[in-house]
Amino acid sequence: MTDTAAPSNQIVEAPFDSALSERYLVYALSTITARSLPDVRDGLKPVHRRLLWAMRLLRMDPGAAYKKSARVVGDVIGKYHPHGDASVYDAMVRLAQDFALRYPLVDGQGNFGNIDGDNAAAYRYTEARLTQVAIDLMAGLDEDAVGFRPTYNNEEQEPELMPGLFPNLLANGASGIAVGMATSIPPHNAAELIDAAIHLIDQPEGDPRELMRFVKGPDFPTGGIMVDSEAAIAESYATGRGGFRVRARWSVEDQGRGTWVAVISEIPYQVPKAKLIEQIAVLINDKKLPILADVRDESDAQIRIVLEPRARTVDPQVLVDSLFRLTDLEVRIPLNLNVLDRDRTPRVMSLKQALAGWVDHQFEVMVRRARHRLAKIADRIELLDGYLVTYLNLDRVIQIIREEDEPKPLLMAEFDLTDRQAEAILNMRLRSLRKLEEMELRKERATLDKEAGELTALVDNPARQRTRLKRDLVKLRDRYGPETELGRRRTLIEEQGPAREIPLEAMIEREPISVILSQRGWIRAMKGHIDLASAEALKFKEGDGPAFAFHAQTTDRLLLIAGSGRVYTLAADKLPGGRGFGEPVRLMVDLDGEAGIATLLPARPGQRLLFAASDGKGFLAKVDDIVGETRKGRQVVNLRTGASLRVAQPVGADDDYVAVIGDNRKLVVFPLTELPEMSRGQGTQLQRYRDGGLSDATTFRFADGMTWPMGGESGRVRTESELGPWRAARGAAGRMPPTGFPRDNRFARPTV
């Protein structure tokens, strides 16, 4: 029994990482060059090119009848594109959507999806044919304008490129994700691109910024308003990378009696209308945009989204600016002009480079078509010369044909004819021997000679090529000019600043409220500015009582300052109503269970607060720096172990001094400027103590003196204007307060 040799010669040992990298590189290159990136010369990916080619072979011309989409998909995946039918049909659907492509290449009949984001019907239900744009893009395929290559199974031929004069790459744009790179090209106006191409032909070395005189910016099929500055647009085009801010187009419709609605008539490119309306509806339901009452979709063939404000007093611009910030009514369309150049190498191009690549391709197509036509003319002239020999020697030719068994060799020898000429003479009909036919042949011969001379001059003279290409572009522009329905610019370019951040006051209807916080931490907001001294208005649970009560507005934000030094922010419009006893404030913020509430007050922009701890340390803080938006709040005062926050009160606009009194009943007064302004920290020492700590602190205007209540029910107050004895530097121990100062060591609190 002989051992069978193992096929060891078929096994190649190699490091795993190198084998993996080599195979992944092959996959990556295939994805980049044969799937995801468009070619700069025709702006198509292979699947789109194969779709158009298959439809052309099926004679699905604009004037022909529609044919089932299934026929196209079947031909494409069977002959040219061995991928899934779903991906091929999806690509075909996009070519037919007038809201996805600026210049659709497929004319679809049936459900090809809509701007709401709904999918197209299955390919067995839809029909299609080519548009005139596709015909323009494929013009020259029969004239050897581009090369052909075998299909994946070597049974068919397919074009490597589309030769037509239509600037498809920039006119229709493209998007795709390859391996390690991507492309995103927005659509543009074809007439503007043609004008820029003509300028580029005349001045190939000109300043790239000159193209901005013609190409103003993208032109989206769904319209909208592009709000970037000219400088920003020029920068994006110069580098091939950037983006464009696009907003919906809107207007205000008067409903009579002072009421109005805002109507959206155009939405940004690639934003599904249904998703956009859902975004707005969520804002309404979540009460994140209180100035908006309702949104309605009244669209038919034209987009019409109606926005109803909460009140007639709402500013329309404020409402729409809010939606620009919160929804896809404003989006950023990226620009990444990453394409395959003529060498099939991916690279990011500027606007000028992309246009130049397309123009150079058109020169090559022109020369190839001219040479193809010259070859056809040469073939025809060869036959015409043979026919003319027949007319000049008609009797002899007839004699040879009648008498010779093999007339062809004799004709070739006697009249110096080629094989094709002799064959054509033998195949002539008798009716062609009339004299009129001879005159027509001589006329055709002269016409062809003239055409051949012009084509030869065109091939040999670059100046003639430039003139011819400009003439062809002008003729093409007539079809896509701004005066035509297809060619008119749809996207308005109007520089605008970023959507302004709308203040809370503008987002919420301003109404007066009275905020009440009980000693046990129950909070409520009663409508209107009620009498806070009325015991009937301030009812509490048994064993509870008032802690803080003040007047505010629904547009205010409130600062809840805990004894731990943490500051929480509450929205006044979100407080529970005045019916009942309210709700525990701990349900709104993550308040530490052991921490008491030091104070509750409205946050006034630009205001400063005085913070002072029981250990005598303190500082000033701007309200704007300590406002937080989370349930956890923000730690503002860093307390030392054993200390607690004693004072958190507003500083008056005219206050210039600080008064501090300790548990030891010593009072010190010093300038407010000696206190540091911080957003977080321990602060500095306000007063020095041997025993005890800080009891209270306040700010006041030194020229007005210091006032305190005299106690009892009389409501009388006393003012001490001579404060010289207590005036000292910050951190001093102080001295006993003036006669009559309250025994509880508390200053009169400023009203909120």
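The values are calculated or read from the model by the stated rules, or taken from the named source; none is laboratory data. Bear in mind the structure is a predicted one, so any value in this text is a computation, not a measurement. Note that each Cβ is placed from the backbone with ideal geometry, even for glycine, and that neighbours are counted across all protein chains shown.
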Return the only residue of D90, D136 being among the charged types (D, E, K, R), assigned to a helix (DSSP H, G or I), modelled with pLDDT of 95 or more and in contact with a Gly (Cβ under 9 Å, 6 or more places away or on another chain).
D136
On the given criteria, is I305 of a type in the set (V, I, T) and within 18 Å of the chain's Cα centre (by Cα)?
no
Requiring at least 3 residues that are of a type outside the set (D, E) and in contact with a helix residue (DSSP H, G or I) (Cβ under 7 Å, 6 or more places away or on another chain), the strands (runs of 3 or more DSSP E) wholly within segment 606-714 are 667-671
Would a scan of segment 577-586 turn up a residue that is part of a loop (DSSP other than H, G, I, E, B), at pLDDT below 90, on the phi < 0 side of the Ramachandran plot and touching an Asp or Glu at 6+ places or on another chain (Cβ under 9 Å)?
yes
Residues in segment 232-251 that are farther than 11 Å from L337 by Cβ, more than 16 Å from the chain's Cα centre (by Cα) and touching a residue at least 24 places away in the same chain (Cβ under 8 Å): how many?
2
If the requirement is being outside the structural domain of R102 (by TED's automatic domain parsing), surrounded by fewer than 16 Cβ atoms within 10 Å (Cβ to Cβ) and of a type outside the set (D, E, K, R), which of these qualifies: P272, P268, P316?
P316
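Restricting to segment 722-740, name every residue that is part of a loop (DSSP other than H, G, I, E, B) and within 16 Å of V658 (Cβ to Cβ).
L723, A728, A729, R730, G731, A732, A733, G734, P737
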Test: residue in segment 101-114 that is closer than 20 Å to N168 by Cβ, in a helix (DSSP H, G or I) and touching a strand residue (DSSP E or B) at 6+ places or on another chain (Cβ under 8 Å)
no
Checking the conditions here, which among P584, P602, P650 is surrounded by fewer than 18 Cβ atoms within 10 Å (Cβ to Cβ) and either assigned by TED's automatic domain parsing to the domain that holds Y689 or touching a residue at least 24 places away in the same chain (Cβ under 8 Å) (or both)?
P584
Quickly run through segment 255-289 and pick out the residues that are closer than 26 Å to I185 by Cα, in a helix (DSSP H, G or I) and charged (D, E, K, R).
K273, K275
Would you confirm whether any residue within segment 302-316 is closer than 21 Å to F99 by Cα and without any contact (Cβ under 8 Å) to a residue 40 or more places away in the chain?
yes
Kindly establish whether G63 is of a type outside the set (A, V, I, L, M, F, W, C), more than 33 Å from the chain's Cα centre (by Cα) and part of a helix (DSSP H, G or I).
no
